[in-house]
Amino acid sequence: MFEPRLALASLSGESDAAWARAVEDHVGAAFLGGVALDEPSRRAARQLVARDRTEFLPDDPIAFIDAQLASLDDAPLRAGINVRSASRAPIREVAAVCADHDALLEINAHCRQDELCAVGCGETLLRDAHRLCEYVETAAEAGATVSVKVRAEVPGISLPDTARWVAAAGADVIHVDAMDSEPVVADVASATDVFVIANNGVRDAATAREYLDHGADAVSVGRPSDRPTVLKRVRRATEEWFTERIEPGASG
């Protein structure tokens, strides 16, 4: 999927191509965004900006994504774009753009802001697995490599079940914000063969190795993604972890 097994997780209004370029030598993937695609999700994003959150609100979201991904075509990492949408049609359009750039399309079933949930985006998709799977199917049919960003600790939601459903719908990656429930990564990894990225609190070797021990295929860094010292030590830890499992007689 990507090497090294370290990704940058999207930070709304901050994670653009320049952000990825600044640390491109330390990571294997970078998820730009999140980007609101349709009018309901853009209306919600404008409401978030009105209460001092940062959001990407370009006049043409699809053209913006195309330009951002194009500027990373020669980067030594795999680009991805985290998107929000209250409808399926824009998912098909942006999936075709991602396919053209060999970029990951990440469907946001993660954000929990009231404004986004009110229009059917973010965490609301976790509670509507049928619609989430329709989004995944739409993106996969358009040729995109599909990631689904989810969060733990949502009452009444089984992430292992969600992982099985989105995998059957065509997802290639599930990106798990473990919150304070790190063992849920093991539950998700056991439930499906898709590529599992573990997120939340990844700052050092200990946290990276804990997630990998739970069965994650990679880890991602969120808020300190602009700090090369953090990225260097997490990358070193992930590379050492995989080396120990490949080399006979390596110390563990």
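Bear in mind these aren't lab numbers, they're just calculated from the coordinates by the rules spelled out. These numbers come from a predicted model, not from an experiment. Reconstructed Cβ throughout: ideal geometry from the backbone, glycine too, with neighbour counts over all protein chains shown.
Hey, what's the Cα Rg ratio for region 103-190 versus the globular rule of thumb, 2.2 N^0.38 Å? It is 1.01.
FRET efficiency for the pair residue 240 and residue 141, taken as 1/(1 + (r/R0)^6) with r the Cβ-Cβ distance and R0 = 51 Å, rounds to 0.85. Where only DSSP H runs of four or more residues are counted, the chain gives -12500 deg cm²/dmol as its mean residue ellipticity at 222 nm, each run worth -39500 (n - 2.57). Hey, could you grab the Kirkwood Rh for the chain? Inverse mean 1/r over distinct alpha carbon pairs, Å, one decimal. 17.9 Å is the Kirkwood radius here. Grab the other residues whose beta carbon is less than 11 angstrom from that of residue 181, score K and R as +1, D and E as -1, and report the net. With Lys, Arg at +1 and Asp, Glu at -1, the neighbours total -4. For region 1-106, the list of trypsin sites (Lys or Arg not before Pro) that fall in a loop by DSSP and count at most 10 other C-beta atoms within 10 angstrom reads 51. Suppose R0 equals 35 Å. What FRET efficiency, 1/(1 + (r/R0)^6) with r the Cβ-Cβ distance, do residue 54 and residue 87 give to the nearest 0.05? Rounded to the nearest 0.05, the efficiency is 0.90. As an exercise, take the mean of 1/r over every pair of distinct alpha carbons in region 44-112, invert it, and state the Kirkwood radius in angstroms. Radius from the Kirkwood sum: 13.1 Å. Going from the fewest other Cβ atoms within 10 Å to the most, the residues 162, 229 appear in the order 229, 162. In percent, rounded to a whole number, the relative contact order of region 108-252 is 16, using alpha-carbon pairs under 8 Å and six or more apart.
Karplus-derived 3J(HN,Hα) values for region 144-159, using 6.51 cos²θ - 1.76 cosθ + 1.60 with θ = phi - 60°, are 7, 7, 9, 10, 10, 8, 10, 10, 7, 6, 8, x, x, 10, 9, 5 Hz; glycine and proline are entered as x. Close amide-amide hydrogen proximity is noted between residue 32 and 80, 81, 82, each under 5 Å apart and 5 or more residues distant or on a separate chain (H modeled in the peptide plane; Pro and chain starts excluded). Database remark: amide H of residue 145 closer than 5 angstrom to the amide H of 105 (H placed geometrically; neighbours at sequence offset of 5 or more, or on other chains; Pro and chain starts carry no H).
Extension gain for the segment residue 73 to residue 161, taken as residue separation times 0.36 nm less the Cα-Cα distance, is 28.2 nm to one decimal. Sorted from greatest to least, the principal axis extents spanned by the alpha carbons of region 141-201 come out as 35, 22, 19 Å.
Each peptide in 178-184, 213-219, 154-160 gets a packing score, the mean of other Cβ atoms within 10 Å over its residues, and the list from highest to lowest is 213-219, 178-184, 154-160. The distance between label points at residue 22 and residue 229 comes to 1.6 nm (points 7 Å beyond Cα on the Cα→Cβ vector).
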